[in-house]
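S.K.: Shown below is the structure under consideration.
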Amino acid sequence: MNKVKNRWLIATAAVGIHISIGSAYAWSVFTKPMVAQYGWETTEISLAFSIAIFCLGFSAAFMGRFVEKQGPRKSGMLAALFFGIGVAGSGLATTYESLYMLYLFYGIIGGIGLGIGYIAPVSTLVKWFPDRRGLATGLAIMGFGFAALLSGPAAAAFIHSIGISNTFYLLGAIYFIVMTLSAQYLAPPPEGWAPKGFVNNQQHGKKQIKQDLSELTANEAIKTRRFWMLWFMLFINVTCGIAIISVASPMAQEIAKMSALAAAAMVGIMGLFNGGGRLGWASLSDYIGRPNVYTVFFIIQVIAFFMLPFAENAILFQVLIFAILTCYGGGFASIPAYIGDMFGTKQLGAIHGYILTAWAMAGIAGPLLLSLIYDTTKSYNLTMIIFGGLFMFALFISIWIRADIRKLKRQLQYEKSRHTSLVSDMQ
């Protein structure tokens, strides 16, 4: 009999993958050194990151079925290969001073690695933690959010000591090794497995675990209204959140009259709230439910975005920004568990991949919408009010989706009572 793996070590392995690919959030560390050494424009360098995020979303969608079919170990190793080559290949691109090679390696190849690596551990974690779905996915995705706190300073130190190209070569090798080793321990639980005491606690009423509302394939899921409700909720959450991240420093200086140094310090702290929100909100969702967490997200952000244009006090401004960042991170971490609740775990990785196309689209829409409005009005105020309006729409969707949930619950209760009556008749 094979020994069952430790589910907390499975979670640790998932964090290993996410903390590697999450280094993408530290891309800005390379911007100034590249501008100084190669004479490239900031927007040209930022485009590599934008391409990577776009490829993340769509590779997650297209490779979701591969993850489900081949399992997390092979998927994790494939992610390590693509991301490792993407980062190391960026060293080759900078050696030859070629922006197009940078877009190919970091943007496309690295972006594909990001997408596969992002979804590979998540569906596995949901299966290992039927009692704590939010906590489990929050742990892994928290690693993605916190990664920049480690990789940012490390990359900056390496650039100073060994140069830009060698930094990419070194980091590419490190990420490949960490992700490959992490992938070796990833595996789905054995058929019929449950955590210790899980079944007994359910039978004795000590712990009530809610049944998934349905068990659908990815193709079946995308034909439902609730799939698109989840998609638009994530799209709005990411569109507005990523736009705020892209202009947090200049906006703080314009609205709250913060100094450049204070605004830079605020940007650094934002990473803590982004990462902490991923674990905190996802863990809370295990207790109050995913629909309630998303409704709370949107209530907080409606208030925050409508208040931001008038938040001339630096402390109030930062409190609002940090609140938005916790909801931004929490939205990423809570969505896999929400998918599991709504569609089951049969093809959770593939469905999660389809949902993440919202991230790819939002990564383009958010900064573009903000810059277009700012260029027209020369103020962030109108943008914040428009974002507040978008969150009112998201709040409406978060309430509307409950109608589908109630309908599915009634259907489950009907099927359960019918099954019980059939069993009674047979006896």
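S.K.: Could you please let me know if Phe129 is open to solvent by less than 10 Å² (accessible area, probe 1.4 Å), within 27 Å of the chain's Cα centre (by Cα) and within 25 Å of Gly349 (Cα to Cα)? Reasoning before the result, please.
M.R.: Values: open to solvent by less than 10 Å² (accessible area, probe 1.4 Å): yes; within 27 Å of the chain's Cα centre (by Cα): yes; within 25 Å of Gly349 (Cα to Cα): yes.
Criteria met by Phe129.
S.K.: Quick one: which residue in Ser123, Ser165, Ser161 is surrounded by fewer than 18 Cβ atoms within 10 Å (Cβ to Cβ) and of a type outside the set (Lys, Arg)? Reasoning before the result, please.
M.R.: Numbers: Ser123 fails: surrounded by fewer than 18 Cβ atoms within 10 Å (Cβ to Cβ); Ser165 fails: surrounded by fewer than 18 Cβ atoms within 10 Å (Cβ to Cβ).
Sole residue among the options that is surrounded by fewer than 18 Cβ atoms within 10 Å (Cβ to Cβ) and of a type outside the set (Lys, Arg): Ser161.
S.K.: Starting from the stretch 332-360, take each residue that is at positive phi and list its partners that are part of a helix (DSSP H, G or I), counting only C-beta distances under 8 angstrom and pairs at least six apart or across chains.
M.R.: none
S.K.: May I pose another question? Could you go through the stretch 374-384 and let me know if any residue there is in contact with a helix residue (DSSP H, G or I) (Cβ under 7 Å, 6 or more places away or on another chain), surrounded by 15 or more Cβ atoms within 10 Å (Cβ to Cβ) and within 18 Å of Thr43 (Cα to Cα).
M.R.: Here is the first cut: in the stretch 374-384, the residues in contact with a helix residue (DSSP H, G or I) (Cβ under 7 Å, 6 or more places away or on another chain) are 374, 380-384.
Remaining after also requiring surrounded by 15 or more Cβ atoms within 10 Å (Cβ to Cβ): 374, 380-381, 383-384.
If we keep only those that are within 18 Å of Thr43 (Cα to Cα) too, we end up with 374.
Within the stretch 374-384, one or more residues are in contact with a helix residue (DSSP H, G or I) (Cβ under 7 Å, 6 or more places away or on another chain), surrounded by 15 or more Cβ atoms within 10 Å (Cβ to Cβ) and within 18 Å of Thr43 (Cα to Cα).
S.K.: So which of Met179, Met233, Met251 is hydrophobic (A, V, I, L, M, F, W, C), surrounded by 13 or more Cβ atoms within 10 Å (Cβ to Cβ), farther than 27 Å from Ile109 by Cα and at pLDDT 95 or above? Steps first, please.
M.R.: Details: Met179 fails: farther than 27 Å from Ile109 by Cα; Met251 fails: at pLDDT 95 or above.
None of the other options fit; the residue is Met233.
S.K.: Next question. Kindly establish whether Phe393 is open to solvent by 30 Å² or more (accessible area, probe 1.4 Å), under 15 Å from Phe232 (Cβ atoms) and at pLDDT 90 or above. Before the answer, list the steps.
M.R.: Values: open to solvent by 30 Å² or more (accessible area, probe 1.4 Å): yes; under 15 Å from Phe232 (Cβ atoms): yes; at pLDDT 90 or above: yes.
Yes: the conditions hold for Phe393.
S.K.: Which condition breaks for Ser371 when tested against (1) open to solvent by less than 30 Å² (accessible area, probe 1.4 Å); (2) of a type in the set (Gly, Ala, Ser); (3) farther than 21 Å from Ser123 by Cα?
M.R.: Looking at each condition in turn, Ser371 falls short on (1).
S.K.: Within the set of pairs 6+ apart or on separate chains, which have a first residue in the stretch 374-393 that is closer than 24 Å to Met229 by Cβ and β-branched (Val, Ile, Thr), a second that is open to solvent by 30 Å² or more (accessible area, probe 1.4 Å) and at pLDDT 90 or above, and C-beta atoms under 6 Å apart?
M.R.: none
S.K.: Continuing with this model, one more query. Could you count how many residues in the stretch 94-115 are hydrophobic (A, V, I, L, M, F, W, C) and free of Cβ contacts under 8 Å to residues at least 40 places away in the same chain? Before you say what the answer is, go through the steps one by one.
M.R.: Taking the stretch 94-115 first, the residues hydrophobic (A, V, I, L, M, F, W, C) are 99, 101-102, 104-105, 108-109, 112, 114.
Adding the requirement that they be free of Cβ contacts under 8 Å to residues at least 40 places away in the same chain leaves 101, 104-105, 109.
The number of residues fulfilling the criteria is 4.
S.K.: Among the residues of the stretch 256-265, is there at least one that is assigned to a helix (DSSP H, G or I), surrounded by fewer than 19 Cβ atoms within 10 Å (Cβ to Cβ) and in contact with a Ser or Thr (Cβ under 7 Å, 6 or more places away or on another chain)? Explain how you work it out, then say what you get.
M.R.: Going residue by residue through the stretch 256-265, those that are assigned to a helix (DSSP H, G or I) are 260-265.
Retained after the next criterion (residues that are surrounded by fewer than 19 Cβ atoms within 10 Å (Cβ to Cβ)): 260-262, 264-265.
From the residues that got through so far, the ones that are in contact with a Ser or Thr (Cβ under 7 Å, 6 or more places away or on another chain) too are 264.
The answer is yes; a qualifying residue exists.
S.K.: Can you pull out every residue in the stretch 225-263 that is touching a residue at least 12 places away in the same chain (Cβ under 8 Å), of a type outside the set (A, V, I, L, M, F, W, C) and more than 24 Å from Pro130 (Cα to Cα)? Give the derivation first.
M.R.: Initially, the stretch 225-263 is screened for residues touching a residue at least 12 places away in the same chain (Cβ under 8 Å), giving 225-227, 229-252, 254-258, 262-263.
With the extra rule that they be of a type outside the set (A, V, I, L, M, F, W, C), the set shrinks to 225-226, 237, 239, 241, 246, 249-250, 254, 257.
Answer for the stretch 225-263, where residues must be touching a residue at least 12 places away in the same chain (Cβ under 8 Å), of a type outside the set (A, V, I, L, M, F, W, C) and more than 24 Å from Pro130 (Cα to Cα): Arg225, Asn237, Thr239, Gly241, Ser246, Ser249, Pro250, Glu254, Lys257.
S.K.: I'm trying to understand the selection: among the residues of the stretch 296-349, which are among the small types (Gly, Ala, Ser), in a helix (DSSP H, G or I) and over 22 Å from Ile255 (Cβ atoms)?
M.R.: Looking only at the stretch 296-349, we keep the residues that are among the small types (Gly, Ala, Ser), and these are 304, 311, 314, 323, 329-331, 333-334, 337, 340, 344, 349.
Those left that are additionally in a helix (DSSP H, G or I): 304, 314, 323, 329-331, 333-334, 337, 340, 349.
Correct list: Gly329, Gly330, Gly331, Ala333, Ser334, Ala337, Gly340, Gly349.
S.K.: Any chance the stretch 143-153 includes a residue that's open to solvent by less than 30 Å² (accessible area, probe 1.4 Å), free of Cβ contacts under 8 Å to residues at least 60 places away in the same chain, assigned to a helix (DSSP H, G or I) and touching a helix residue (DSSP H, G or I) at 6+ places or on another chain (Cβ under 6 Å)?
M.R.: No, that holds for no residue.
S.K.: Out of the stretch 17-28, which residues are open to solvent by 10 Å² or more (accessible area, probe 1.4 Å) and either at pLDDT 90 or above or not in a helix (DSSP H, G or I) (or both)?
M.R.: Passing the criteria: only Ile19.
S.K.: Of everything in the stretch 47-68, what is among the hydroxyl-bearing types (Ser, Thr, Tyr) and either at pLDDT 90 or above or buried (at least 23 other Cβ atoms within 10 Å of the Cβ) (or both)? Give them in sequence order.
M.R.: Step one: filter the stretch 47-68 for residues among the hydroxyl-bearing types (Ser, Thr, Tyr), giving 50, 59.
Of everything in the stretch 47-68, just one residue is among the hydroxyl-bearing types (Ser, Thr, Tyr) and either at pLDDT 90 or above or buried (at least 23 other Cβ atoms within 10 Å of the Cβ) (or both), namely Ser59.
S.K.: Looking only at the stretch 29-46, decide whether some residue is closer than 17 Å to Pro188 by Cβ, in contact with a helix residue (DSSP H, G or I) (Cβ under 7 Å, 6 or more places away or on another chain) and buried (at least 19 other Cβ atoms within 10 Å of the Cβ).
M.R.: Taking the stretch 29-46 as the starting set, the residues that turn out to be closer than 17 Å to Pro188 by Cβ are none.
No, the stretch 29-46 contains no residue that is closer than 17 Å to Pro188 by Cβ, in contact with a helix residue (DSSP H, G or I) (Cβ under 7 Å, 6 or more places away or on another chain) and buried (at least 19 other Cβ atoms within 10 Å of the Cβ).
S.K.: Next up: Could you say whether any residue in the stretch 69-78 is under 15 Å from Ile164 (Cα atoms), out of contact with any Cys (no Cβ under 9 Å at 6 or more places or on another chain) and either open to solvent by less than 10 Å² (accessible area, probe 1.4 Å) or of a type in the set (Ser, Thr, Tyr) (or both)? Give the derivation first.
M.R.: Pass one, the stretch 69-78, residues under 15 Å from Ile164 (Cα atoms): none.
Among the residues of the stretch 69-78, not one is under 15 Å from Ile164 (Cα atoms), out of contact with any Cys (no Cβ under 9 Å at 6 or more places or on another chain) and either open to solvent by less than 10 Å² (accessible area, probe 1.4 Å) or of a type in the set (Ser, Thr, Tyr) (or both), which makes the answer no.
S.K.: All but one of (1) part of a helix (DSSP H, G or I); (2) more than 24 Å from Ser182 (Cα to Cα) hold for Ala52; state the number of the condition that does not hold.
M.R.: Only one criterion in (1) part of a helix (DSSP H, G or I); (2) more than 24 Å from Ser182 (Cα to Cα) is unmet by Ala52, namely (2).
S.K.: For the condition in contact with a Gly (Cβ under 8 Å, 6 or more places away or on another chain) and open to solvent by less than 40 Å² (accessible area, probe 1.4 Å), what is the one hit in Phe317, Phe305, Phe298, Phe273? Can you show your working first?
M.R.: Values: Phe317 fails: in contact with a Gly (Cβ under 8 Å, 6 or more places away or on another chain); Phe298 fails: in contact with a Gly (Cβ under 8 Å, 6 or more places away or on another chain); Phe273 fails: open to solvent by less than 40 Å² (accessible area, probe 1.4 Å).
Answer to the check: Phe305.
S.K.: Hey, another quick one. Across the stretch 327-361, which residue is farthest from Ser214 (Cα to Cα) among those that are over 12 Å from the mean Cα position of the chain (by Cα) and open to solvent by 10 Å² or more (accessible area, probe 1.4 Å)?
M.R.: Per the stated criteria, the residue is Met361.
The values are calculated or read from the model by the stated rules, or taken from the named source; none is laboratory data. Remember, predicted model here, so these are calculated numbers, not experimental data. All Cβ positions, glycine included, derive from the backbone under ideal geometry; neighbour counts span all protein chains shown. Accessible surface is based on the protein model in full, side chains and every heavy atom, while ligands, DNA and RNA are left aside. Shrake-Rupley method; radii C 1.70, N 1.55, O 1.52, S 1.80 Å.
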